[in-house]
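Worksheet for the structure shown next.
The values are calculated or read from the model by the stated rules, or taken from the named source; none is laboratory data. The structure displayed is predicted, hence computed values, not measured ones. Neighbour counts run over all protein chains shown; Cβ positions are idealised from the backbone, glycine included. These accessible areas exclude ligands, DNA and RNA; they are computed on the full protein's heavy atoms, side chains included. Shrake-Rupley method; radii C 1.70, N 1.55, O 1.52, S 1.80 Å.
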Amino acid sequence: MLVENSIVEGAAADGVDLKATRAAVVNSVVRHVGRNGIKLWAGGDVINCVVYDTGADAQLVTAGGSYRVLDSTFAYHLEEGGRSYTATFGYPAEFGDVLIANSVFSEEPGPCSCPRAWV
């Protein structure tokens, strides 16, 4: 599954929620959504994306599989007071490798839950 050159905005729920294997979100903007920004459930890539002004528990949520987050920006997550995460990897399943490169996480209220990530 490929989401490319897209603007996802104004959803009361999640912005992008893909349960496909090896999904990719590329050259896209996810903004002004009520819940999570991007959810990938079976491995995949987030490349050259901007995700901001989101709610719920995390801007980026992943489950099983391996992931790459490249050349992307995550900012202004709305959950305040440390009750949320910038990103979660392997929730609730086990996951493989995580590579984060050339990416920015800014103005986030909570930590990044990625115990085995290469940053």
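Residue 12 fails exactly one of the following numbered conditions: (1) surrounded by 13 or more Cβ atoms within 10 Å (Cβ to Cβ); (2) more than 14 Å from the chain's Cα centre (by Cα); (3) at pLDDT below 95; (4) closer than 20 Å to residue 75 by Cα. What is the number of that condition?
So residue 12 meets the others, but not (1).
Those residues that are buried (at least 18 other Cβ atoms within 10 Å of the Cβ), part of a strand (DSSP E or B) and of a type in the set (A, V, I, L, M), I need them from segment 48-70; list them, please.
Those that are buried (at least 18 other Cβ atoms within 10 Å of the Cβ), part of a strand (DSSP E or B) and of a type in the set (A, V, I, L, M): 51, 58, 60, 61, 63, 69.
Quick one: is residue 93 modelled with pLDDT of 90 or more and over 12 Å from the mean Cα position of the chain (by Cα)?
No: the conditions fail for residue 93.
Identify, please: which residue in segment 18-46 is open to solvent by 10 Å² or more (accessible area, probe 1.4 Å) and among the aliphatic types (A, V, I, L, M) and is, among those, farthest from residue 8 (Cα to Cα)?
Residue satisfying both the conditions and the ranking: 42.
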